[in-house]
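Before any comments, here is the structure.
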Amino acid sequence: MWKEAIESAMETVKRNATNHPGLFPHISNELKYDWGQNNDWIDGFFTGLLWLSYEYSGDESYKQLATEQLKSFKHRLDNHIVMDHHDIGFLYSLSAVAEWRVTGNVEARELALLAADKLMNRYRDGFGAIQAWGMENDPENGGRIIIDCLMNLPLLHWAYQETGDSRYYEIAEKHAQKSLRFLVRGDGSSYHTFYFDRIQGNALRGGTHQGYEDGSTWSRGQSWGVYGFALSYRYTRKEIYLDTAKRMARYFIEHLPEDYVSYWDFDVAIEPDTPRDSSATAITACGILDILDLMTPDDPEREYLNDALHRMMSSLVEKYSTRNMQEAEGLIQHGSYHVRGGQAPDNYMIWGDYYYLEALVRMDKGIKGYW
Ligand code: GLY
């Protein structure tokens with residue numbers, strides 16, 4: 001089943017790249033992607049899909065398409081196009097770092113290091129973490145962290161490994177520690193965001209941006225935590241991160257409906273038309289794969305996590321994937337971007353597509369992605 005799903009996904013990725021040369025899929029409210037320039041936080045995912053397809057198939061055309069896209073990431077960084085946010089990690093791990101890892105292109109390495117430096121500039125001494133959105137003195141966001149940022153930290157860890165400059169590691173660590181203390185709750189659930197006094201650093205309150213309400217658990221935020229803390233463990237080997245990733249995975253799994261694909265928020269009332277977020281399940285599947293790799297062979301939770309992983313991925317392939325839909329541009333249906341804000345509440349999400357394929361190629365051939 002995995003192989004057939006992968007082949008079908010790779011065909012879609014190639015068809016999209018051929019039909020929309022030089023463009024990137026953006027979020028839309030229709031069941032097709034909007035295609036545009038490289039100017040959103042999500043643009044690395046399409047490039048990442050091309051690299052996964054190349055690594056899986058060895059088909060050079062994917063490599064050429066991915067390499068071609070690197071130019072737009074360089075242009076974007078050089079000209080600081082829509083860069084006042086922390087998602088520099090998502091963007092450059094899947095483009096520049098991926099290309100360096102797969103091909104050894106030194107220009108890609110240089111670009112990735114410049115991107116890491118730009119991300120470092122968002123570290124704020126006042127509250128000891130990376131500011132998620134906006135400018136330093138932004139009244140709303142100036143002291144705000146969000147759980148998604150854990151996925152941006154691998155760019156800093158990679159830069160540390162490449163250069164030996166410990167500042168990258170230290171800032172990634174400070175941010176992960178802050179996230180652990182303030183975003184993860186005692187029962188393994190999470191806040192999407194947390195506010196600090198941006199100058200004094202006092203902790204103010206938890207909140208949300210895309211979740212149902214401030215104290216709820218937004219399912220995609222939870223999934224960023226599962227994978228993000230697993231990755232923090234991968235790079236630091238501090239047990240607390242692996243324990244946290246497992247705890248958050250357990251919360252995610254225990255709150256899944258019968259078909260093992262999450263609703264958009266774990267605290268929302270479930271009605272017949274309550275939107276799902278299939279992308280959260282794909283991200284969590286990747287996080288579980290990393291946890292399974294990192295935990296000891298005799299860990300008592302291994303079987304439980306492995307079983308949940310297979311149920312989630314079987315459901316995504318059988319019930320949510322577009323493998324039998326000839327014209328579909330997305331790989332999995334029923335993702336949601338910002339339900340409460342009315343933005344793409346039931347659509348394709350390009351990151352959902354990326355993590356879906358990342359999980360599949362990891363299960364089938366052990367290809368690990370680029371974090
Ligand atoms: N990182 C933004 C999102 O998950 O929607």
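Label-to-label distance, H80 versus I270, with points set 7 angstrom from Cα along the beta-carbon direction: 4.8 nm. In straight-distance terms, cross-link reach from K238 covers every one of the aspartates and glutamates whose alpha-carbon lies under 16 Å from its own, apart from those fewer than eight places away in the same chain; here that gives E170, E173, D290, D293.
Peptides 101-107, 62-68, 150-156, 353-359 ranked from most to least packed, by the mean per-residue count of other Cβ atoms within 10 Å: 353-359, 150-156, 62-68, 101-107. Other residues within the sphere of radius under 15 Å centred on the Cβ of L91, judged by their own Cβ, net out at -3 (K and R +1, D and E -1).
Which shape class, rounded, prolate or oblate, goes with segment 1-149 when its Cα gyration tensor gives a ≥ b ≥ c as root eigenvalues, a/c under 1.5 marks rounded, and past that a/b bigger than b/c marks prolate?
Note, shape of segment 1-149 comes out prolate.
Shape summary of segment 1-68, radius of gyration then Dmax from alpha carbon positions: 12.1, 36 Å. Sorting the segments 199-206, 40-47, 71-78 by their residues' average number of neighbouring beta-carbon atoms within 10 angstrom, most packed first, yields 40-47, 71-78, 199-206. Pairs of Cα atoms in the chain fall into 10 Å distance bins, from 0 up to the last occupied one, in shares of 5, 26, 37, 26, 6, 0 percent. Let me know the whole percent of all Cα-Cα pairs from segment 283-343 that are separated by more than 18 Å. Result: 52 percent of Cα pairs exceed 18 Å. Let me make sure I get this right: for segment 108-264, a, b and c are the square roots of the gyration tensor eigenvalues over alpha carbons, sorted descending. Under 1.5 in a/c it's rounded, otherwise prolate if a/b > b/c, else oblate. Which is it? Taking the square roots of the gyration eigenvalues as a ≥ b ≥ c, segment 108-264 is oblate. Comparing S53, S95, S314 in a Gaussian network model of the chain where C-alpha atoms under 10 Å apart are linked, the largest mean-square fluctuation is found at S314. Straight-distance candidates among the lysines for linking to K63, with alpha-carbon spacing under 24 Å and chain neighbours fewer than 8 residues away dropped: K3, K14, K71, K74, K365, K368. Only DSSP H runs of four or more residues enter the estimate; each adds -39500 (n - 2.57), and after division by the residues of the chain the mean residue ellipticity at 222 nm equals -16500 deg cm²/dmol.
Based on Cα contacts under 8 Å between residues 6+ apart, the chain shows a relative contact order of 18 percent.
Given the C-alpha centroids of segment 213-230 and segment 1-42, what is the distance between them in whole angstrom? Result: 25 Å between the Cα centres.
By the gyration tensor of its Cα atoms, with a ≥ b ≥ c the square roots of the eigenvalues, what is the shape of segment 253-314: rounded for a/c under 1.5, prolate for a/b over b/c, or oblate? Judged from the Cα gyration tensor, segment 253-314 comes out prolate (a/c at least 1.5, a/b above b/c).
Throughout, read-outs are computed from the coordinates displayed, never taken from laboratory work. All of these numbers come straight from a predicted model, not from anything done at the bench. Cβ coordinates were reconstructed from backbone atoms using ideal geometry, including for glycine residues, and neighbour counts include every protein chain displayed.
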